[in-house]
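Novice: Please see the structure below; I have some questions.
Just so it is clear, none of the values below were taken in a lab; they were calculated from the coordinates. Since we're looking at a predicted model, the values are computed, not measured. Here Cβ is always computed from backbone atoms with ideal geometry, including for glycine, and neighbour counts include all displayed protein chains.
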Amino acid sequence: MKILNFGSLNLDYVYHVEHMVTPGETLASTRLETFCGGKGLNQSIALAKAGAEVYHAGCIGEDGAMLLQALEEAGVETSYIKTLPGKTGHAIIQVDKSGQNCILLYGGANRLLTEHYINQVLESFGEGDVLLLQNEVNLLHVIIDKAYERGMKIILNPSPFDDNLKFCDFSKISMFLLNEVEGEQITGKKEPAAILQELARLYSQAKVVLTLGGDGACYRDESVECRQPIYPVEVVDTTAAGDTFTGYFIAAMMEGKRVSECLDLASKAASIAVGREGAAPSIPLRDEVSAQLL
Ligand code: RIB
């Protein structure tokens, strides 16, 4: 069983600020750093660091060499990644004193996927293989339809939530990994229990992992319901904490661990990421997660 992550690759320009810039305001940042990021790349790195064998597909521009290098150093298989003329996707990220962030995306090469390229990649995957998706690439609905036809199990992190998701057939999704904001956007419900219930009613085929920020995470499928608190740490930068959670949860699940163990491992890994700066560089190795006494 192989894992293919068809996802975004971004250069993250991180501006440290006293507070998030407000409309009409001009604000000096105190520090600028460039990190590897993108929800797709972060989740592939988290999967690989957790010990999973992961293939990443997606597009970078001519300025994206550092992203390829970061994936390779983490042990991700990168031969499906295509380099196109033009710019790599990027994110302009403000991080404030409390470690919270605001993210502005420029899609760049992430939004230049073609049906031809999608077909080429999916040719190597089939029945029982796992496909992980987020919503930062174009033609998401095409990837879902074609992967489903091939018998792949599709895991969707519907983040960031936008109108493109309306074209996607959620009845083809095996598992949703989402936060409570996305949960509300999909179901119209506010409370975690109501979100889980509504997702189960709408998409009964799908397992659901719902992350709740400081309130931890919960899981529901037709036979198991589970709740996981967070491991509290001092917040440095929350960027990629959710991606770390996603990668670790899926890696543990593919090892056949119980849901409660998957949630616990993912939660520990995410708490380590929250205590570090940057997106991909904040993602811990499996040994660090296991050794962490939280
Ligand atoms: O989830 C965090 C990521 O979202 C950042 O790395 C940024 O690139 C955006 O895609």
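Novice: What are the equivalent ellipsoid semi-axes of the range 57-189, built from the alpha-carbon gyration tensor (square roots of five times its eigenvalues), in whole angstrom, biggest first?
Specialist: 23, 23, 14
Novice: Within 15 Å, Cβ to Cβ, of Cys226, how many net charges do the neighbouring residues add up to if Lys/Arg are +1 and Asp/Glu are -1?
Specialist: Once positives and negatives cancel, what remains is -1.
Novice: OK, next. Add -39500 (n - 2.57) for each DSSP H run of 4 or more in the chain, then divide by its residues: what number comes out at 222 nm, to the nearest 500 deg cm²/dmol?
Specialist: The helix contribution divided over the chain gives -9500 deg cm²/dmol.
Novice: I've got another one for you. When the Cα atoms of the range 178-241 are enclosed in a convex hull and the volume is divided per residue, what value in Å³ results?
Specialist: In the range 178-241, the Cα hull volume divided by residue count equals 85 Å³.
Novice: Whole Å is fine, so just give me how far the alpha carbon centre of the range 233-294 lies from that of the range 182-223.
Specialist: 20
Novice: Residues of the range 48-74 with amide nitrogen under 16 Å from the 7 Å Cα-to-Cβ point of Thr34?
Specialist: Taking a point 7 Å out along Cα→Cβ of Thr34, the residues of the range 48-74 whose backbone N falls under 16 Å are 60-71.
Novice: OK, next. Each residue of the range 211-224 in turn: what ³J(HN,Hα) in whole Hz from Karplus with 6.51, -1.76, 1.60 and θ = phi - 60°, glycine and Pro shown as x?
Specialist: In residue order, the calculated couplings are 8, 10, x, x, 8, x, 8, 9, 9, 8, 9, 5, 10, 10 Hz.
Novice: To continue, here is another question. Taking only the C-alpha atoms, wrap a convex hull around the chain and report its volume per residue in Å³ as a whole number.
Specialist: Given the Cα convex hull of the chain, per-residue volume reads 128 Å³.
Novice: A further question follows. So if each residue of separation counts as 0.36 nm, and I subtract the Cα-Cα distance between Val181 and Ile92, what length gain in nm does that give?
Specialist: Taking Val181 through Ile92 to full extension adds about 29.9 nm, to one decimal.
Novice: Then there's this: If we count every other residue with Cβ under 13 angstrom of Thr34's Cβ, Lys/Arg +1 and Asp/Glu -1, where does the sum land?
Specialist: Around Thr34, the surrounding residues sum to -3.
Novice: Here is a follow-up. Provide the per-residue ³J(HN,Hα) series for the range 32-48, in order, calculated from phi with Karplus coefficients 6.51, -1.76, 1.60 and θ = phi - 60°, each as a whole number of Hz, with x at glycine and proline positions.
Specialist: Here the 3J(HN,Hα) series is 10, 9, 10, 10, 7, x, x, 4, x, 4, 4, 5, 5, 5, 4, 4, 5 Hz.
Novice: Taking Rh as the Kirkwood radius, which is the inverse of the mean 1/r over Cα pairs, what is the Rg/Rh value for the range 1-113?
Specialist: 1.03
Novice: Using the beta-carbon distance between Gln205 and Glu123 and R0 = 30 Å, what value does 1/(1 + (r/R0)^6) give for FRET efficiency, to the nearest 0.05?
Specialist: E(calc), rounded to 0.05, equals 0.75.
Novice: Take the chain, mark every one of the trypsin sites (Lys or Arg not before Pro) that falls in a DSSP loop and has at most 12 other Cβ within 10 Å, then report the longest stretch left between them, sites excluded.
Specialist: 1-96
Novice: Output ³J(HN,Hα) for the range 124-136: one whole-Hz value per residue in order, computed from phi by the Karplus curve 6.51 cos²θ - 1.76 cosθ + 1.60 with θ = phi - 60°, and x for Gly and Pro.
Specialist: With the stated coefficients, the range 124-136 comes to 8, 10, x, 2, x, 5, 9, 10, 9, 9, 10, 10, 10 Hz.
Novice: While we're here: For all pairs of alpha-carbon atoms in the range 111-192, what percent lies in each bin of width 10 Å, listed from the first bin to the last filled one?
Specialist: All Cα pairs, binned at 10 Å, distribute as 18, 51, 25, 6, 0 percent.
Novice: Let me ask you something else. Just want the answer: with Cβ charges of +1 for Lys and Arg and -1 for Asp and Glu, which residue in Leu133, Ser44, Ala57 is farthest toward the dipole's positive end in the range 1-158?
Specialist: The Cα lying farthest towards the positive end belongs to Leu133.
Novice: Also: Could you list the residues of the range 113-137 with an amide nitrogen less than 16 Å from a label point located 7 Å from the Cα of Phe167 in the Cα-to-C-beta direction?
Specialist: Taking a point 7 Å out along Cα→Cβ of Phe167, the residues of the range 113-137 whose backbone N falls under 16 Å are 113-119, 134-137.
Novice: Between Val181, Val137, Val209, which gets the highest mean-square fluctuation from a Gaussian network model of the chain, Cα cutoff 10 Å?
Specialist: Val181
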